[in-house]
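The values are calculated or read from the model by the stated rules, or taken from the named source; none is laboratory data. Since we're looking at a predicted model, the values are computed, not measured. Because the Cβ atoms are built from the backbone with ideal geometry, glycine has one as well, and the counts that use them run over all protein chains shown.
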């Protein structure tokens, strides 16, 4: 072998020994746990679900309190029509028209 090959072989061997001589690095530290425990987390979730359900059940009643209640058999009031004019009521037979008081 030539001198260059010997030097190259020695350099590669030295580098290989450095790589295998190293210990594996320590595993990364685990992510810090949150302060809230699993029991408290579950209780909080249940409480939030109960509040949401209550709001969804009560909200329609709160929104409909401002609406006037109409009986089911009452038709909605009809406004005056702009195309027709009101006609006077017919007078009963045998009565004379009376003057209108101001």
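Scan segment 50-68 residue by residue and report those that are exposed (fewer than 10 other Cβ atoms within 10 Å of the Cβ), modelled with pLDDT under 90 and part of a helix (DSSP H, G or I).
60, 61, 62, 63, 64
Do we find that residue 2 is modelled with pLDDT of 65 or more and loosely packed, with under 10 Cβ neighbours inside 10 Å in this structure?
yes
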